[in-house]
Amino acid sequence: MNETIRVWDPLVRIFHWSLATCFAVAWISAENWDSLHEKTGYVALALVVFRLLWGLIGPRYARFTQFVRPPRDVLAYLRAIVTGHEKRYVGHNPAGGAMILLLLGLMAATGATGWLYSTPSYHDWHWIKEVHEFLANSLMVCVGLHVGGVLLASLRHHENLARSMINGRKRPPEPGDIG
């Protein structure tokens, strides 16, 4: 079966890989290249603002209304993963939707504390730098969980989700899937 449907629009895909690149560059440049670190942090903040707007006005699968679920749905989905009975979602599953919110929030908070620390008024407030580093480390943990979730869902549902985030396409919903 080679039939696929368009799920991820080009702007979601460009956003995703651009934010991942910014985070990687900011992480790598944190200790030795302050200017590069700051610039990629500002680009990451701009990308988060874009994604928040796109989550309101973008196409179906980009919208928050399509994938943001209440905590009870996220917990039920996580329980279903443990038992191996989670349903396939054409868009983001409830755990993926929660992870998007967490990643966006952590990225925004990391960028905001980095900006705050870079200002002359707050540069001597070392606790801000500590919070910034804690948030960045938390973000790294969540990125690892995100990649693990993508790998698990790819294996369980027999589709390459990383490739879908490159070409925008997934197989159409089958009986029992959630479109």
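The values are calculated or read from the model by the stated rules, or taken from the named source; none is laboratory data. No experiment lies behind these values; they were computed from the predicted model shown. A quick note on method: Cβ atoms are made from the backbone with ideal geometry, for glycine too, and the neighbour counts reach across all protein chains shown. Protein only, heavy atoms only, side chains kept; ligands, DNA and RNA dropped before computing areas. Shrake-Rupley method; radii C 1.70, N 1.55, O 1.52, S 1.80 Å.
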For the chain, the per residue accessible area (1.4 Å probe, Å²) is 59
Expressed in nanometres to one decimal, the distance between label points 7 Å along Cα→Cβ at residue 21 and residue 116 is 3.0
Restricting to Cα pairs under 8 Å and 6 or more apart, the percent relative contact order of the range 7-124 works out to 25
Computed curve, the range 106-179, Cα-only Debye sum without solvent term, log₁₀ I(q)/I(0) at 0.17, 0.21, 0.28 Å⁻¹, is -0.73, -0.88, -1.17
Counting only protein heavy atoms and leaving out ligands, DNA and RNA, the solvent-accessible surface of residue 123 at a 1.4 Å probe, in Å² to the nearest 10, equals 90
In the neighbourhood of residue 17 defined by beta carbon distances under 13 Å, the net charge of the other residues (Lys, Arg +1; Asp, Glu -1) is +3
So residue 42 and residue 11, fully extended at 0.36 nm per residue minus their Cα-Cα distance, gain in nm 9.3 nm
The answer for chymotrypsin sites (Phe, Trp or Tyr not before Pro) in the range 42-145 that fall in a DSSP coil and have at most 14 neighbouring Cβ atoms within 10 Å is 125
As straight-line cross-link partners of residue 87, the qualifying aspartates and glutamates (C-alpha separation under 17 Å, not fewer than 8 residues apart within one chain) are 73, 159, 174, 177
Per the rule of 0.36 nm per residue minus the C-alpha distance, extending residue 80 to residue 32 adds in nm 12.9 nm
Among trypsin sites (Lys or Arg not before Pro) in the range 49-117, those in a DSSP loop whose Cβ has at most 14 other Cβ atoms within 10 Å are 87
Between the alpha carbon centres of the range 99-178 and the range 82-98 the gap in Å comes to 17
In the chain the accessible area split gives carbon plus sulfur, as whole percent at 1.4 Å, a share of 68
With label points set 7 Å from each Cα along the Cα-to-Cβ direction at residue 73 and residue 159, the distance between them in nm comes to 1.8
The farthest towards the positive end of the charge dipole of the chain, of the residues 27, 123, 158, given +1 on Cβ of Lys and Arg and -1 on Cβ of Asp and Glu, is 158
Using the Kirkwood radius over Cα pairs of the range 12-114, the Stokes-Einstein translational diffusion coefficient at 20 °C and 1.002 mPa s, in µm²/s and rounded to a whole number, is 143
On each of the three principal axes the extent of the alpha-carbon atoms of the range 35-179, given in whole Å and largest first, is 59, 31, 26
